[in-house]
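Novice: One structure coming up, written as structure tokens, with questions to follow.
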Amino acid sequence: MRLFAFLICYGLIVLTTTHMILYLNYHALGYTWTTVFKFILNTIDFKIFLGSWIGLLIVFFYPSPSQSPSSKLFR
């Protein structure tokens, strides 16, 4: 389950980061940097990015059990 959560969070981080990098092209269209960054901070991509980082930190730092639950069945 932890591996699945890691892969989902990591994939979402990569996906949303590439979208936010693409949003930086708005500067080439004539928008100021402050307008571009305000836009990025208000998109759903940024919110998913933050949520994925929180999920990834939980996966890494939440202690896992020292034994798997199925190992107690075979004693």
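The values are calculated or read from the model by the stated rules, or taken from the named source; none is laboratory data. Bear in mind that the values here come from a model prediction, so they are computed numbers and not experimental data. For neighbour counting, all protein chains shown are included, and Cβ atoms are generated from backbone atoms with ideal geometry for every residue, glycine included.
Novice: So which residues in the stretch 39-60 are surrounded by 12 or more Cβ atoms within 10 Å (Cβ to Cβ) and either over 19 Å from the mean Cα position of the chain (by Cα) or closer than 14 Å to Y10 by Cβ (or both)?
Specialist: Passing the criteria: I48, F49, G51, S52, W53, G55, L56, I58, V59.
Novice: When both residues are 6+ apart or on different chains and their Cβ atoms are under 9 Å apart, which pairs have a first residue that lies in the stretch 20-43 and is free of Cβ contacts under 8 Å to residues at least 40 places away in the same chain, and a second that is part of a loop (DSSP other than H, G, I, E, B) and surrounded by 10 or more Cβ atoms within 10 Å (Cβ to Cβ)?
Specialist: M20/T43; Y23/T43; F39/Y31
Novice: Something else about it: Which members of the stretch 1-38 meet the condition of being within 19 Å of the chain's Cα centre (by Cα) and polar (S, T, N, Q)?
Specialist: T16, T17, T18
Novice: Counting only residues that are of a type outside the set (A, V, I, L, M, F, W, C) and within 16 Å of L3 (Cα to Cα), which one in the stretch 13-65 is modelled with the lowest pLDDT? Reasoning before the result, please.
Specialist: The first filter runs over the stretch 13-65 and keeps only residues of a type outside the set (A, V, I, L, M, F, W, C), leaving 16-19, 23, 25-27, 30-32, 34-35, 38, 42-43, 45, 47, 51-52, 55, 62-65.
From what's left, within 16 Å of L3 (Cα to Cα): 52, 55, 62-65.
On the way: S52: 96, G55: 95, Y62: 85, P63: 78, S64: 74, P65: 68.
Here the residue is P65.
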